[in-house]
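Let me begin by presenting the structure, written as structure tokens, before commenting on it.
Each value in this text was obtained by applying a stated rule to the coordinates, not by laboratory testing. Note that the structure is a prediction, hence the values are computed from the model and not measured. No Cβ is skipped: glycine too gets one built from the backbone with ideal geometry, and neighbour counts run over all protein chains shown.
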Amino acid sequence: MGAFITGFVFFVLGKIDNFFPGALMGFAEAAGVDSHLSNMARGVFDTRDFIYFASVAFVFLYLAVQRLRTRRFS
């Protein structure tokens with residue numbers, strides 16, 4: 001359930017970025033999946049998109065490992 005909600009938040013951030021003011025709009029666009037996927041769907045392979053997906057995967061894998069470590073020792 002948590003993974004679905006997190007994925008949904010990343011998806012929605014890309015869709016509603018126009019409703020945020022100023023600097024938050026840029027953050028919402030960068031954090032949302034929509035802009036990164038639309039570039040790849042058009043055939044534009046930008047390193048920023050690959051770095052985005054790799055860093056998101058790394059962060060959540062790191063959190064999973066930390067969770068398993070705390071679970072193992074407690």
With +1 on the Cβ of every Lys and Arg and -1 on the Cβ of every Asp and Glu, the dipole magnitude of the stretch 2-73 about its Cα centre, in debye rounded to the nearest 20, is 540
Neighbour net charge for residue 40 - beta-carbon separation under 14 angstrom, K R +1, D E -1: -1
Computed lengthening from residue 58 to residue 10, 0.36 nm per intervening residue step minus Cα-Cα distance: 15.7 nm
Report the normalised scattering of the stretch 2-73 as log10 I(q)/I(0) at q = 0.17, 0.26 Å⁻¹, calculated by the Debye formula with identical scatterers on the alpha carbons. -0.73, -1.17
Between the DSSP loop rule and a limit of at most 14 other Cβ atoms within 10 Å, which trypsin sites (Lys or Arg not before Pro) in the chain are left? 42
In sequence order, what are the phi-derived ³J(HN,Hα) couplings for the stretch 40-54 according to the Karplus relation 6.51 cos²θ - 1.76 cosθ + 1.60 with θ = phi - 60°, rounded to whole Hz, with x for glycine and proline? 5, 5, 7, x, 8, 9, 9, 5, 4, 5, 5, 5, 4, 5, 5
Lys and Arg at +1, Asp and Glu at -1: add these up for the other residues within a Cβ distance under 13 Å of residue 17 and post the number. -1
Note: probe point = Cα of residue 68 + 7 Å toward Cβ; backbone nitrogen < 12 Å; residues of the stretch 1-22 passing the test are none
